[in-house]
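The values are calculated or read from the model by the stated rules, or taken from the named source; none is laboratory data. This is a predicted model, so every value here is computed, not measured. No Cβ is skipped: glycine too gets one built from the backbone with ideal geometry, and neighbour counts run over all protein chains shown.
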Amino acid sequence: MAVSKDDQLKDLLNSDQFSIAAYLNLALYDEDDQQQRMAELALQLQMQTQSCHEEIGKIGAELQAILPRCSADIGRVGVGLEGLRIDAASLLESTTMETSEGVSSSLETLGILHALEANLQRSKEILTAAATWDATLSSIAPLLAQQNISEAVNALAQLENGERALRGMPNPEEREEAIAKVRQQVSTMLQPQLKHALANMSTRLAPLQQCVTLYSKLNKMDALKEEYIKNRPSGLHKSWFDFKMAYDEQDTDKVASEFTTWLPAWYENVLSFMSEERRQSTTIFGTALVPGTLVKVLWECFRPLLSSFQSRLENIYSSDPARPNKGSFDSICTLYESTLQFLSLVYESVANCWIDITESGVVPEDDALNLYRDLSHIFIQVLAPFSAYQKNLSILEAQYMAGHTEPVAKQIQQAVMTVSSSDFESLQHATYNLQNMAHFIFPLAEGSLGRFELLNAGYGPTKALSTIDHVLSIHADELTMAVKSLSAAMAADEKQLVTSFDDSHVLCTLGVLKVAGTFRRNLKALEKKTCDRLRLLRERIETHGSRVKGIEDTAGSLSSKKAFTLPDSLSLVEIDSIVTKAVCGKIEGLTTAATALQRLIDAEDNAGRLFVEADEATQRLMKSCQLFIHDVCSSIPRQYIVEMSSMSSWREGSESATDTSYGILPQPYINHIGEHLLALVQALEPFTSDREALSLANDAMLGLRDIALEPWRDFVLGAGYSVESSTSSWSPGSNVIEEIMEGTCFIGLTLGGSPIDDDVEAGSDDLTSEEALKTAFCDSWLDVVGLSVTGRLLDRIVHIPSLSSKGCDHLSADLNYLVNVFSALGITGHPHPLLGHISVVAALDGTSLSEQIQARDRSDAVGGFLYVLEMHVAKLRGIF
């Protein structure tokens, strides 16, 4: 059957093999006019195209209507499947499987249905995301144009959910790029709104809470918190920089006073701000985020201010040892302590917040260990402006204390410049001033010790104590030089002193003992206080070391969050320990510091000395005071003894009528010496009536007898006895000169008897303790003056060029008189055995003296010395 051309054209148009070229070729094959056919074909093609478009639109509308229904049907199927799953689970719990031949068909069916539910749910998500993607994406631009940021954020969240559902589908890059672009646009538009909300949060929190909601949906809470924290303490920053310090180099005390007064008030504002921040953070971010937010806000309070803080400290007192300082180091310590106190309070505030939250059942975002570490780090950073002072403490202390001691040293020098032997009032005024300035250094030393405890907390104790020791020794040496100046002034015109000498001179010069006694007593008290402080510092370092080790062990455990208990408070000492370990512990570790402290403590416990240099300077001060008093008290005997060896009476050759009638009388020089010694008792006693003065003076009496060694050394050498060659003959470790001066070694070996001690000791039993102290003090000075006078007299005797028979009689009479004087004084150890011995040796005739010398046992050291002495006297007499 023949097919018409129209039918062929229709068939070709409906065929899957349709092409425009084939259709036109078939249509043009007709014999009709080609132009007419072309018009007809074009019209038909247009009609067919319109029909196709309408059909496609209809199908699209049907699909759009069907998809929601499909989605709803899938949801209902899912609900049904969930019910089936729950029923199946109930059946499994209540039914005991009788056999283990395999899984029942019911369970297999349920498994299949469950898998079907999951697949249908996934299909629903994909279909829903695909159906709404374009519409949601296109809706965002108008929302942004209308400044409807809230709806734009919701649309963005819907896009992100769709993107997650469509993962694994074609073209993921396009979807991710679209979301990133929208996110950037939304964030850009949110920024001004956030800044406005932050600027006005003091009056309205609603806009900021809205921003929190939007940023939370965008998963950009970290960015919001960063902006919030950065903006939050702006008011505190403004008040800090509004305070202007007056940088006056001429009045640094005023500068320090203003800042030390202002800073605690600013800290009070920070504490109030932190309390307010706790309430506000709870409202804005929720309870769980509050502790972490508080810590970050606290750090932001100080972060921009630390360089300014350090600059202000430097203007009060420079931490650079190379720069001259006129300010107050104490002000730096006051500011440091104020900051410690503030940090203790702010820690308590944050810790209590964390504890309250955990006790309420809420789990904070930051665990206890991290919170403690963050706060510890903030403590170190906040106190970082003080670190240079802590590291250079010893050098700064030396400079600071020198600045205080130099003016006093000048005052000490000026106090003794106008003293003369003829002006008793000047001497009295000088000794009084020295007494007042003796204890000046000790409050300064205690202050230095306190600064070491505060700023270094026990690290580097050797350097710190060495600095204090050196300053103490310098002050003691200044006092020593002053006392020596007094002694030189009195000795400059000794004849005038002898002429005007009275009891008041003795009383006044004894006052310098109070200078040395005050210094020595204060030094001992300071050493005890220092040792007590060192013990506390050692315990403090050991306690902190244990805490640090516990934290490290906790951090290394698997259950660190549960194992660590956040302390509810930290004291100033505990915070200071954290900071000083970070600063000073880098130079000297915990163990090293504790060992150094223990070594110093052991030295004190074993009767050692913490301040060795100062102790030696104290010995020098005591010795200078003792010598000054000795020189004044022995000035009259010394004046008469000095010319004694050259007197002509030693060479007299015949006896006068007076001598024949009345015997040989003591010469005038020895009478003056004896009278002075007897009068010295009355001169010493008034000083002992002041109990406090006596107590201080007794503290400065150590080694008093040593000042009498010099004349005895001259005497021994003048007698021709070689100490160096005969040392081995004396007691091992003994001082030959000291043993000869003591005189006890001569008992039973000398002529003329021994000192009378028994009666003195017996009489002392009836004295009260106070009276015994007074008597002991007076006897000590009578003893040393007596020893000195005896030694000087013996020295002058051995330097007499020659002795005639008459001269020997004079010498014997003089010595016997002096023996009687010492016996009358009743001082233990006096008169010295050599006085009576030389008196007898001088009185012996030549034959008896020769026999005495020949009979002398020289096998021991004492006998050897007496032999040398007797030979020397014999030579003076011309016997040998």
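Side notes on the structure shown:
- When the stretch 840-862 is filtered for residues that are of a type outside the set (A, V, I, L, M, F, W, C), in a helix (DSSP H, G or I) and surrounded by 14 or more Cβ atoms within 10 Å (Cβ to Cβ), the ones remaining, listed by number, are Ser850, Gln852.
- Checked against the criterion of being surrounded by fewer than 18 Cβ atoms within 10 Å (Cβ to Cβ), over 27 Å from the mean Cα position of the chain (by Cα) and hydrophobic (A, V, I, L, M, F, W, C), the candidates Ala322, Ala288 yield just one match: Ala288.
- Lone qualifier among Thr543, Thr530, Thr509 - being within 22 Å of the chain's Cα centre (by Cα) and either basic (Lys, Arg) or surrounded by 22 or more Cβ atoms within 10 Å (Cβ to Cβ) (or both): Thr530
- Of the residues screened, Ile86 is one that is at pLDDT 75 or above and β-branched (Val, Ile, Thr).
- Put simply, of Ile756, Ile747, Ile737 the only residue that is surrounded by fewer than 17 Cβ atoms within 10 Å (Cβ to Cβ), of a type in the set (A, V, I, L, M) and at pLDDT 65 or above is Ile747.
- Residue in the stretch 455-463 that is among the aliphatic types (A, V, I, L, M), surrounded by fewer than 23 Cβ atoms within 10 Å (Cβ to Cβ), farther than 24 Å from Leu694 by Cβ and assigned by TED's automatic domain parsing to the domain that holds Glu539 present: no
- Per the conditions (1) modelled with pLDDT under 90; (2) not in a helix (DSSP H, G or I); (3) not basic (Lys, Arg), the sole criterion not satisfied by Thr554 is (2).
- Candidate set: the stretch 394-416, residues that are of a type in the set (A, V, I, L, M, F, W, C) and under 18 Å from the mean Cα position of the chain (by Cα); chosen: the one farthest from Pro443 (Cα to Cα): Ile395
- Taken together, Gln48, Gln64 contain a single residue that is in contact with a Leu (Cβ under 8 Å, 6 or more places away or on another chain), of a type outside the set (Val, Ile, Thr) and either modelled with pLDDT of 70 or more or surrounded by 11 or more Cβ atoms within 10 Å (Cβ to Cβ) (or both), which is Gln48.
Residue by residue, here is whether (1) assigned to a helix (DSSP H, G or I); (2) at pLDDT below 85; (3) not aliphatic (A, V, I, L, M) holds:
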residue: Ser281; (1), (2), (3): yes, yes, yes
residue: Pro291; (1), (2), (3): yes, no, yes
residue: Trp299; (1), (2), (3): yes, no, yes
residue: Pro304; (1), (2), (3): yes, no, yes
residue: Ser319; (1), (2), (3): no, no, yes
residue: Ala322; (1), (2), (3): no, yes, no
residue: Gly327; (1), (2), (3): no, yes, yes
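- His837 buried (at least 21 other Cβ atoms within 10 Å of the Cβ), within 60 Å of the chain's Cα centre (by Cα) and closer than 16 Å to Leu751 by Cβ: no
- Counted residues, the stretch 225-257 - those being at pLDDT below 70 and either within 21 Å of Glu276 (Cα to Cα) or part of a loop (DSSP other than H, G, I, E, B) (or both): 6
- Residue count, the stretch 393-423 (criterion: assigned to a loop (DSSP other than H, G, I, E, B) and buried (at least 16 other Cβ atoms within 10 Å of the Cβ)): 3
- Filter result for Thr339 (touching a Phe, Trp or Tyr at 6+ places or on another chain (Cβ under 9 Å), assigned to a helix (DSSP H, G or I) and either touching a residue at least 24 places away in the same chain (Cβ under 8 Å) or of a type outside the set (Lys, Arg) (or both)): yes
- Any hit, the stretch 378-392, residues being modelled with pLDDT of 90 or more, out of contact with any helix residue (DSSP H, G or I) (no Cβ under 7 Å at 6 or more places or on another chain) and not in a helix (DSSP H, G or I): yes
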